[in-house]
Every structure is written in structure tokens, then in C-alpha cells.
Amino acid sequence: MNEALAIPEAHSGAKRAVDLIARATRAEISALWKDGEGPPLASLLRGPETGLVMVQGRIGGGGAPFNMGEVTVSRCSVRLASGTIGHAQALGTDREKARLGAIAHALWQEGTSRERVEQVLLAPVEARLADEHQRKSEETAATRVDFFTMVRGED
Amino acid sequence: MYVAVKGGETAIANAHRLLADKRRGDRSLPAISSEQVIEQLTLAVDRVMAEASLYDRALAALAFRQARGDMIEAIFLLRAYRTTLPRFGTSLPIDTGHMLIERRVSATYKDLPGGQLLGPTFDYTHRLLDPSLLEDGPVEEGERRTEACEPAMRVSDILAGEGLIEGDGTLQEDEGGGDLTREPMEFPMSRDLRLQALARGDEGFLLALGYSTQRGYGRNHPFTGEIRIGEVEIELYVPELGFAVSLGDIRVTECQMVTQFKGSSKVPPQFTRGYGLVFGQSERKAMSMSLVDRALRAREFGEDILAPAQDEEFVLSHCDNVQATGFVEHLKLPHYVDFQAELDLVRRMRGEYEASRPGTQIPQTKEAAE
Amino acid sequence: MAVAADSLTGGFAQPVYDSQAVFRLMMDGMARPGTVKTVATDVGAPAPLGLAAGAIALALCDHDTPVWLTAALQKSAVPGWVSFHSGATITREKAEARFAFIEAGTALPSFGLFASGTQEYPDRSATLVIEVAALDDGKALTLSGPGIAATRGMRVKGLPDGFTGQWTMNRALFPRGVDVVLTAGDRFLCLPRTVLITLAEG
């Protein structure tokens, strides 16, 4: 099964791939395959399906957990013809994105296709997210109040 | 009493057809899209998500359109939809300390680490209608500032250093996480469940209750320690992978309300805190929630429970607008038999009343319901 | 630790229709205690979980129903399979469980350790799914109670020792108590807490 996941040092790398696939758009994932070619055959182990995840907050920001409400999540687990299993889960109701994401996750675990997934999917998504993060931070920073004190003549 | 009555199918079908017609409105205007609602009526979408207790912008926008802009109807639609979905699990608790901040203000400290970040606020606008919005003219993008910002530490952590403010409540890690969508409400309710109820509660109801505490009904002298709005990551432990994965980001609003507390037999004088956490951008709701959260902690601090906002059964039984609208609106459904029985009863009582007063004239007025 | 691959296979081919079909069998079985039902769709349940027991797990268990498993099942691919396909969490606490699965030939845990509900909420109780050798052979028992016109006979081969004694104590708790499903391969029968079990004469 998932050889990559069995290697401890690959753990954070595996998380990075799964997390980036969750944030990728369906179009970004589809870029892995040429037009008309489509993704490789994959059997569905579970899903694609949409359900709910209860989001927890913490009392006071850092205390005991409480349930603040739910989010929609779509997920899918697939197995490629080679036997490699892929999983994907992301916010929203796009089940096709979950299916394609699971295939992308399986391909990422295979030595022959990992490089392609890295270059065509993960790297561009990572760059887009970094851009968006920077833009938001900078826009917010522009609204920071720079206080200046008026000198009051009392003496 | 309810009795099944047949008939009216054609009237109902035609009413729904008319509803669809009115929803579409003037056909010479383009139909509004969900994307437009999400982008341009964002705060309406946020409110629907918060009170439906379901974060999904696309579905909330659809519900808002389907409900013709009726918030509570849209919330009802989204609540109904969520009951059709299975529960996959529970997220790791979100970390609002690591938020991608879009707005952060404090009314208690002027110069706090990270600064006062106004973000996209209505504050300081003059509340004058802007006719320029009638034209679809160009709109400038947000200004950017590239110099590095220091991290925005929590205001509660600043005061905590002096020991003058309470910590994050007394509930232990394993005591939280009760779910009122799964177990029926029982009073007294623990704070985790109260916060869940308030987070999905009606903004108007909580606003009124929060306001009532300021006007003296359970006064607790609040200061806005901090409001922060921004995006947080949702993480879910996935057993088949063996680690917690990130599902994406959601926008939340958090409010820390700091309240003076003179102490009691149980607790020394200190600052206490009310907490608000809401889906989307909604600081009015988060502030109201934190005021009501603090008011509902009266018992915990040994305070007298005198005001409506301190009465948890009153607040939590009535803050859910879907529940409230269901019970209020059911009054318009046929109660023909019910009312017939009441009518007979009142007629009989009237007869007995008149009979017991010999010599008085029986009124000739005809009863309206006949 | 990631779940092993053999836990990820199987499941209902058509989750909605298949789970409805199994639910319907369960409902009929509970309404007519002791009637033997046969599950038609294979769910690829990992050994030693039987087909019927696996189908019942997928149809009835979900995120809100903690599942208790015997030590042997706990060591197999069953916990991963049940949680992957149904979303249920596996608990080691019998009192927390809403469903319990017991494979054939295992000593029967005491019914009293499982949730039997409260007087106000007798439904907050566990359902025990117990695998036996056969449901058409072996010891003859007579059932009576709601859902049975007069009496109904059943045969069970490999009923765990002490079952009938525990059942008598369970029945005394009414309206509280656990419900039992006996499974054998693709077949099962239901024993709701209301049913009276006696040894058939002769």
C-alpha cells in the first residue's frame, strides 16, 4: 500500500501534498492531464461523497473545545490500477474535485509520477496561496493605525 | 388539534408558481447569480451561514436567492439541507491565535503588539447614501503596505501576564465538546453548549440582550478587549492517512469582551471575560454573543440572576430563530377545529355569564365568526 | 498510524440503496423476532466478521454510534474497515458503545456492562451483534412476546454459554436492556429486549 506514508520522514511531505490538494481548484488538479486524455483509471473505495465536519472553537480562544457549527466537506478514496491508494478531502460540495484530488494524491505517492504532480499541481498551488496570503496581509497592514500624539501645552 | 384536510392542491401549485415568478422579478433584468451574491452581498451570506450553523458560501448564497433575501427563510433552508448530510467527524479546535488577520481592534489598549488593524470596516464612514454605487464605475483595489507586521498577540494574554484577568474558563479539555444538535437541551447547561447555542443564535435577539445588559439589566461594565476577523485553517484527523489534514480555510469573527468584576465570596476581584466566535465577518454578532456569554456566567461567579440576559433557560430556549419562526409561524396553519371548539366554549361561558346576571339585556351584536 | 489497505476495500456498492435494503431487513427482523433474514449483497467484510454482521455495521453504525469490538476483532482489519466505511469510532469502553460485535466462539461479555438506556431514554442502549455457527441447526428454542402471534421456534448452533441466563436478566430490566442480533454468515435474526426465550420441549 502507501509506501510513502509508511516512511516517517515523509510524513510532513505527505501532509503538505494532501493539504495543497485540498486547496487546489478543480481546474488546477485537472491540469495534470492533457485535454481529452483525462485521469488514469481508478476504482472508488469510498465516495466521492459530501458530508459535514463539526468545527470546534475554544472557549475564550484557548480553553476547552466547543462546537461552533459545521462545514460541508467532500471526500473520496480511490485505488489506481497499480494498487496505490489515494485520499482527498476538502471544504465544499465539489465531489468531482475530491475524486480528481484522490487520484492526484495516489499519483503523488508513486515514484514515476510524483515529480509531475509536484511541478504541475503542487508548486503552482503553493505559489498562488503564497501570493494570496501576501496580498491579504499587505492590504490589512495598510489599514493599520499609526497613532501620533499631539503635544499639549500645559506648563 | 390538527385534522388532515384535503384540497387546495391547485391553489398551492399556483402559489408556488407565483412565488417563482416573483422571485425572478422583471425578466428584462439579468438574473442575479450566486457568485454575485457571494462577492457583493458577502455579509448577508455570512449571516446565513452563522445562524444556519453551516459554513458553505455557495449553498448559503443559493438559499439566500431562493428565499428572495428573507434571512430566516434562507437559514431555515440551509438548516434543512444539513440534516440530509452524514457527519464525517469533528475538526481539531481552530486556532484563532494563528489567524490570517483581516481586521483586529482593541478598545482597551491603544498600542498593542500587531497594532490596530481596521480592515474593511463600516466604522468611520459617515453613513451617507452613496449615489456613485448606482453606476458600475471602476473601484480601486485595496492599498498595500509591505513593511513587516509584528504578530498580533491576544489581548487576553497581555492582561493575563499581570494575573488580573481570568484564564480561558474553568472547563477542562475533556469536558467540552457537547453537541446540542445531537443531545436534547438540559438546564443548567455547561458553557461549551451555551456557546454553541449562541454561535447559531439570532443576531437581532442577541444584540437586544447584549444591549439590555448595557442598559442595566445585568450590568457588567464591558470593554472590547479585542475583535479579530480573519481566516483560520480547518483540520481534521483522517485515520486512513494517520494524520490531521487541512481541509481549507474559513472566515470567523472573534470577540473578547473584558468585564470588570468586583469579586464575590467565590472569586477575587479581577477582570472576567465573555467570548464570542461566529462564522464569517460579523462583529456585531460576536460582540453581542460575548456580552450574553458573560451575562450567562452569573451563576459561576455567584452573581444574582435578575435580568433576562442572565437567565439561561430564557436566552437559550429562544435564541434559535428557526425554532422560533417554526412555532410562531405555525399559528397561520389551519386551526379550524381548534377554533370551533373555543368558539363553542366562549358561547357557552357567555350564555352562563348572561344568565347569572338577571335583568340585564342580552346584547344583540352578531358574532363575527359566524 | 495509517489504516491498512485491506480495511479500505469492500463496503456497499450502492451505499444508499444497499444500506436501505439492510435497514429494511433489520426493521422486519426486529418487528418479527426470531425470523431468519438473508443479506443479499456482499460487503467484503474482513475476517472474522461475517457478511451479515458486516452489512449491519455499515447500515446502522455512523459517526454518532461508538462501536465496541472483542479483542480478536480489535486485532483484525475490522476496526479500520468499520470506521472507514461507516464513520463510526471504535471504543474500548463497553458502556459507551451503541453497537458491539462478537465473533463466533468467543466468551460472551456480560450484557450488564453495556448501556441499557435509562427509564426516560431506554433507546440509549447497545445492540449486540453476536456471530453463531448456524441459525438452522442446533439447539431448539421457543420465542414469545410482541411481534410473535403465539410462539415461534428457532434453532441456534453455537449459542454462547450463559446466553439464555443473561437474556433472562436483561429482560427483567424492561424498558431498559440491550437488543441482540444473532448472525451466521449471510443470515441473521433479531432478538429485541421484549422477547421471551425458553428451551423448546422435547
Which residues qualify? For A:Gly69, with a placed amide H closer than 5 Å and at least 5 residues away or on another chain, they are A:Val55
Chain C: DSSP helices with Cα axial extent of at least 18 Å and average Kyte-Doolittle hydropathy no lower than -0.5
C:15-31
Please give the residues from segment A:59-81 for which the solvent-accessible area of heavy atoms, probe 1.4 Å, is smaller by at least 50 Å² with all protein chains in place than with the chain isolated.
A:Ile59, A:Gly60, A:Gly61, A:Ala64, A:Pro65, A:Phe66, A:Asn67, A:Met68, A:Glu70, A:Thr72, A:Arg75
Using the alpha-carbon atoms, what tilt in degrees (0 to 90, nearest 10) does helix B:283-295 show relative to the longest principal axis of chain B?
80
Segment C:129-172: percent of C-alpha pairs farther apart than 14 Å?
58
Between B:Glu342 and C:Arg24, what is the label-point separation in nm under the 7 Å Cα-to-beta-carbon projection?
4.5
Give me D for chain B in µm² s⁻¹, whole number, from Stokes-Einstein with Rh from the Kirkwood sum over alpha-carbon pairs, 4 °C and 1.567 mPa s.
53
GNM result for chain B, Cα springs below 10 Å: residue of B:His221, B:His318, B:His126 fluctuating most strongly
B:His126
Over its Cα atoms, what ratio of radius of gyration to 2.2 N^0.38 Å does segment B:216-370 give?
1.82
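Buried accessible area for the A:C pair, summed, 1.4 Å probe, in Å² rounded to 100?
What A and C bury together is about 600 Å².
If I stretch the segment between B:His98 and B:Ala324 completely, what's the gain in nm (0.36 nm per residue apart, minus their alpha carbon distance), one decimal?
Numbers: separation 226, 0.36 × 226 = 81.36 nm, distance 3.61 nm.
So the chain would gain 77.8 nm between B:His98 and B:Ala324.
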Share antiparallel - DSSP beta bridges, the protein assembly as shown, percent rounded to 5
80
Pop out the ³J(HN,Hα) list for segment B:307-323 in order, Karplus 6.51 cos²θ - 1.76 cosθ + 1.60 with θ = phi - 60°, rounded to Hz; leave Gly and Pro as x.
9, x, 5, 8, 8, 5, 5, 5, 5, 6, 6, 10, 7, 8, 6, 6, 4
Rounded accessible area of C:Cys61 (nearest 10 Å², 1.4 Å probe):
10
Cα-based Rg of segment C:78-202 normalised by 2.2 N^0.38 Å, two decimals
1.07
In Å and whole numbers, how far do the C-alpha atoms of chain A stretch along each principal axis, longest first?
86, 35, 33
Rounded to the nearest 10 Å², what accessible area does B:Ser265 show when all protein chains are kept and the probe is 1.4 Å?
130
Förster-model FRET efficiency, 45 Å R0, B:Ala148 and B:Arg182, C-beta, rounded to 0.05
0.50
In nm, spacing of pseudo-spin labels at B:Ala80 and B:Glu300 (7 Å Cα→C-beta vector)
3.7
For peptide B:109-121, how many partner chain Cβ atoms fall within 10 Å of a residue's Cβ, on average?
3
Quick one: if you stick a label point 7 Å off each Cα along the C-beta vector at A:Glu115 and C:Thr38, how many nm between them?
5.7
Charges at C-beta only: +1 for Lys and Arg, -1 for Asp and Glu. How large is the resulting dipole of the protein assembly as shown about its Cα centre, in Debye rounded to 20?
1900
So if I place +1 on the C-beta of Lys and Arg and -1 on the C-beta of Asp and Glu, and nothing else carries charge, what would the dipole magnitude of chain B be about its Cα centre? I want it in debye, nearest 20.
1220
Leaving ligands, DNA and RNA out of it, rank A:Ser30, B:Ser290 by accessible area with a 1.4 Å probe, largest first.
A:Ser30, B:Ser290
Probe 1.4 Å, all protein chains present, accessible-area order of A:Arg144, C:Arg32, largest first
C:Arg32, A:Arg144
Around C:Gly158, which amide H atoms from residues at least 5 apart in sequence, or from another chain, sit under 5 Å from its own amide H, with H modelled in the peptide plane?
C:Ala133, C:Lys139
Sorted by chain and number, the residues with a modelled amide H under 5 Å from that of C:Leu108, at a separation of 5 or more or across chains, are C:Asp161
Which shape class, rounded, prolate or oblate, goes with segment B:55-140 when its Cα gyration tensor gives a ≥ b ≥ c as root eigenvalues, a/c under 1.5 marks rounded, and past that a/b bigger than b/c marks prolate?
oblate
How big is the A/B interface in buried accessible area, both sides summed, 1.4 Å probe, to the nearest 100 Å²?
5900
I need the calculated FRET efficiency for the pair A:Asp35 and C:Ala13, taking r as the beta carbon distance and R₀ as 35 Å, to the nearest 0.05.
0.65
Over what distance in Å are the Cα centres of segment C:98-152 and segment B:238-288 separated?
46
Dimensions in Å of the protein assembly as shown - Rg and Dmax from alpha carbons
30.7, 115
At 1.4 Å probe size, put B:Lys285, A:Lys34, B:Lys22, B:Lys262 in order of accessible surface, largest to smallest.
B:Lys262, A:Lys34, B:Lys22, B:Lys285
Provide Rg over Rh for segment C:2-188; use the alpha carbon set for both Rg and the Kirkwood Rh (inverse mean inverse pair distance).
0.94
If I fit a long axis through the Cα atoms of helix B:9-24 and take the longest principal axis of the Cα atoms of chain B, what angle between them do I get, 0 to 90°, rounded to 10?
40
Inter-part distance where segment A:39-68 and segment C:1-79 are each reduced to a Cα centre, Å:
23
Given Cβ point charges of +1 (Lys, Arg) and -1 (Asp, Glu) and nothing else, what value in debye, to the nearest 20, does the dipole of segment C:2-188 about its Cα centre take?
480
Hey, what's segment C:2-188 come to in accessible area per residue, 1.4 Å probe, Å²?
43
Let me check I've understood the local charge: for B:Leu19, count other residues with C-beta under 15 angstrom from its C-beta, Lys and Arg +1, Asp and Glu -1. What total comes out?
+3
Specify the inter-centroid distance of segment B:17-55 and segment B:151-181, based on alpha-carbon positions, in whole Å.
37
Can you give the FRET efficiency for B:Glu175 and C:Asp137, using 1/(1 + (r/R0)^6), R0 = 35 Å, r = Cβ-Cβ distance, to the nearest 0.05?
0.10
Mind telling me which of C:Leu25, C:Leu141, C:Leu159 comes out most flexible in a GNM of chain C, alpha-carbon contacts under 10 Å?
C:Leu141
Ignore the peptide's own chain and count Cβ atoms of other chains within 10 Å of each Cβ in B:245-255; give me the average, rounded.
6
What is the Cα radius of gyration of segment C:1-94 over 2.2 N^0.38 Å, N being its residue count?
1.06
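The values are calculated or read from the model by the stated rules, or taken from the named source; none is laboratory data. No experiment lies behind these values; they were computed from the predicted model shown. Backbone-built Cβ (ideal geometry, glycine too); neighbour counts: all protein chains shown. Remember, those area values only see protein heavy atoms, side chains included, never the ligands or the DNA or RNA. Shrake-Rupley method; radii C 1.70, N 1.55, O 1.52, S 1.80 Å.
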